[in-house]
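J.: Sharing a structure below in structure tokens format, with a few things to ask.
The values are calculated or read from the model by the stated rules, or taken from the named source; none is laboratory data. All figures in this text were calculated on a predicted structure; none of them were measured in a lab. Neighbour counts run over all protein chains shown; Cβ positions are idealised from the backbone, glycine included.
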Amino acid sequence: MPEAVRARFVTLEGGEGVGKSTQLKALAAALRARGLDLVETREPGGSPGAEAIRSLLLHDHHWTPEAEALLFAAARADHVATTIRPALERGAWVLCDRFVDSSIAYQGGAGGLGFEAVRALHGFGSHGFLPDRTLLLKLPEGEAERRASGRDTGGADLIGGRDASYHRNVVDAFDRLAKDEPERFRVIDASGAAEEVTARLLAALEDLL
Ligand code: TYD
């Protein structure tokens, strides 16, 4: 373990169908190959309590927009306290599939609650804890929908299954977030071969390594 490298909290974000899960695995492997102790995790979920909330959110029930945002924030509070912070404190890197920016884009932007309302919940639930770097995967317009429609959507969850205009609003909200915080965000072109995308992700972490 190279001593000079401080533990970092990195999140991967994006709308539906951008290849995030595949890239998360590939990026984790590439970072481990560099000798990093790395914890892979995801939201909603990533701790026993948050995984219990995940099934309430994605499969069980239609919540009001406010209740939905509160449940995501509650899951995140548990995840930060019991998984993310302890890992960082022992010196491990944490790579997380989605985090608060998903709540801001989905519940705040597409869901209509507003960015600030969701940030306030995060302030209360997780003391406003933010990633060191957020990698936003982005495809040219129309490409994500084409990929998503080619997939078997039998397992689509309650949020992934929302209509196209909801998901366009999610993508627009992510764009705004990335523009507002250029230090933390890196927008990564998710088109082309998977290995090329992974190389772009890794390059966007180079200054932290
Ligand atoms: P998941 O199966 O993890 O989907 P994906 O592969 O797209 O990441 O399901 C998570 C779903 O929940 C996804 O549609 C995005 C949504 N979501 C929110 O609406 N708000 C949030 O804060 C998070 C973390 C996820």
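J.: Criterion first (of a type in the set (Asp, Glu) and part of a loop (DSSP other than H, G, I, E, B)) does Glu145 satisfy it?
T.: Working: of a type in the set (Asp, Glu): yes; part of a loop (DSSP other than H, G, I, E, B): no.
Spelling it out, it is not the case that Glu145 is of a type in the set (Asp, Glu) and part of a loop (DSSP other than H, G, I, E, B).
J.: Of all the helices (runs of 4 or more DSSP H) wholly in segment 1-117, which have at least 3 residues that are surrounded by fewer than 17 Cβ atoms within 10 Å (Cβ to Cβ)? Write out each step before concluding.
T.: Numbers: elements: 20-33, 48-55, 65-79, 85-89, 100-103.
Answer list for segment 1-117: 20-33, 48-55, 65-79, 85-89.
J.: Exactly one of these conditions fails for Gly111: (1) closer than 30 Å to Gly142 by Cβ; (2) within 13 Å of the chain's Cα centre (by Cα); (3) small (Gly, Ala, Ser). Give me its number.
T.: (2) is the only condition that Gly111 fails.
J.: Same structure again: If we scan segment 184-195, do we find a residue that is acidic (Asp, Glu), more than 21 Å from Gln23 (Cα to Cα) and either modelled with pLDDT of 95 or more or not in a helix (DSSP H, G or I) (or both)? Can you show your working first?
T.: Quick first cut of segment 184-195, residues acidic (Asp, Glu) only: 189, 195.
With more than 21 Å from Gln23 (Cα to Cα) added as a condition, the list becomes none.
No; the residues of segment 184-195 include none that is acidic (Asp, Glu), more than 21 Å from Gln23 (Cα to Cα) and either modelled with pLDDT of 95 or more or not in a helix (DSSP H, G or I) (or both).
J.: Identify, from the list Ala164, Ala144, the residue that is at pLDDT below 95, touching an Asp or Glu at 6+ places or on another chain (Cβ under 9 Å), closer than 23 Å to Val10 by Cβ and not aromatic (Phe, Trp, Tyr). Write out each step before concluding.
T.: Working: Ala164 fails: closer than 23 Å to Val10 by Cβ.
On inspection, the qualifying residue turns out to be Ala144.
J.: Which pairs have Cβ atoms under 7 Å, sit 6 or more apart or on different chains, and link a residue in segment 15-35 that is modelled with pLDDT of 95 or more to one that is aromatic (Phe, Trp, Tyr) and surrounded by fewer than 14 Cβ atoms within 10 Å (Cβ to Cβ)?
T.: Going by the 7 Å Cβ cut-off, there are no qualifying pairs.
J.: Ok, one more. Out of segment 38-68, which residues are over 15 Å from the mean Cα position of the chain (by Cα), in contact (Cβ under 8 Å) with a residue 40 or more places away in the chain and within 12 Å of the ligand (Cβ to nearest atom)?
T.: Within segment 38-68, Leu57, Leu58, His59, Pro65, Glu68 meet the criteria.
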